[in-house]
Amino acid sequence: MAKIIDGKPISLQIKDELKEKAAALKEQGISVTLAVIQVGNNPASTVYVNNKKKGCEYIGIGSLSYELPEETSEEELLSLIRELNERKDVNGILVQLPLPSHIDEDKVIKTIDPKKDVDGFHPQSVGALCIGQPGFVSCTPAGIIQLLKRSGIEIAGKECVILGRSNIVGKPMALLMLRENATVTVAHSRTKDIKEVTKRADILIVAIGKPKMITRDYVKDGAVVIDVGINRDENNKLCGDVDFQDVEPVCSAITPVPGGVGPMTIAMLLHNCMESVNIQK
């Protein structure tokens, strides 16, 4: 039987550590505040935003919430971000993606002050990760590193295959695994003989956005499988990119969906908020 890597207790452990840090900062008269901006009322985004607010409340830091109507112009949004960049009482700025189609996401990300970019999406944050400089790391990949480490899974020297090359998960994930001394391959929709590639992996990280695409044919016996996907199956139930029932018997450890990687993303966002105090110093 594979070990189930449960993100809930691990994320709670991280949040409890952050709670202590927040309390220690409060004693020094230092408060931490996250500003969250949501444009429009995408239901999934609303759930994420509420979870972020609850997370801030749990660890004892402040949160400001800006819920803007769908028709907000790009300039209005950029103007709000510039104002938050200047505010000394705001440590982190997060703009919930996706944005309505009339707003350029790239421009929005680049407008956030890199010292307040707690999502880790600003080109400066990504560049810092590339060359091993301090900066914010994208929350989902950072969460996966914590899942592996806190589950006692050795990364150094292991063969790691990442399926997916997005700017939010695939690329930063590859850089973080390299930082942890894994040997990394990034596979994607144009990779030839994809099953041959994924079957080499001691650690397989899947972020492709296709429900249950990865079956046991893609997985080496005894591999660790991390499923980043969140999809709906034919019965409208949440499922990952990995066919859990099919893969679980052949791997040594696997994350469930929901409850695996998901809770870690919020925990690492809160971690980045606490880090912002040091980065801004």
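Points worth noting:
- The one condition in (1) closer than 22 Å to residue 262 by Cα; (2) touching a Cys at 6+ places or on another chain (Cβ under 9 Å) that residue 91 fails to fulfil: (1)
- Any chance residue 12 is modelled with pLDDT of 95 or more, out of contact with any Cys (no Cβ under 8 Å at 6 or more places or on another chain) and at negative phi: yes
- Candidate set from the stretch 192-242 (those that are polar (S, T, N, Q) and touching a strand residue (DSSP E or B) at 6+ places or on another chain (Cβ under 7 Å)); member that is surrounded by the fewest Cβ atoms within 10 Å (Cβ to Cβ): 231
- Residue match in the stretch 116-124 (condition: assigned to a loop (DSSP other than H, G, I, E, B) and more than 21 Å from the chain's Cα centre (by Cα)): no
- Any chance residue 145 is in a loop (DSSP other than H, G, I, E, B) and either surrounded by fewer than 23 Cβ atoms within 10 Å (Cβ to Cβ) or within 18 Å of the chain's Cα centre (by Cα) (or both): no
- Number of positions in the stretch 1-43 that are in contact with a strand residue (DSSP E or B) (Cβ under 7 Å, 6 or more places away or on another chain) and farther than 30 Å from residue 103 by Cβ: 5
- Condition met for residue 174 (buried (at least 16 other Cβ atoms within 10 Å of the Cβ), over 19 Å from the mean Cα position of the chain (by Cα) and free of Cβ contacts under 8 Å to residues at least 40 places away in the same chain): no
- The residues of the stretch 129-139 include none that are surrounded by fewer than 23 Cβ atoms within 10 Å (Cβ to Cβ) and at pLDDT 95 or above.
- Residue check, residue 59 under 30 Å from residue 77 (Cα atoms) and surrounded by 14 or more Cβ atoms within 10 Å (Cβ to Cβ): yes
- Hits in the stretch 137-155 - residues which are touching a strand residue (DSSP E or B) at 6+ places or on another chain (Cβ under 8 Å) and either among the hydroxyl-bearing types (Ser, Thr, Tyr) or not assigned by TED's automatic domain parsing to the domain that holds residue 183 (or both): 151
The values are calculated or read from the model by the stated rules, or taken from the named source; none is laboratory data. Since the structure is predicted, the reported quantities are computational estimates derived from the model, not experimental observations. Glycine also receives a Cβ, built like all others from the backbone with ideal geometry; neighbour counts cover every protein chain displayed.
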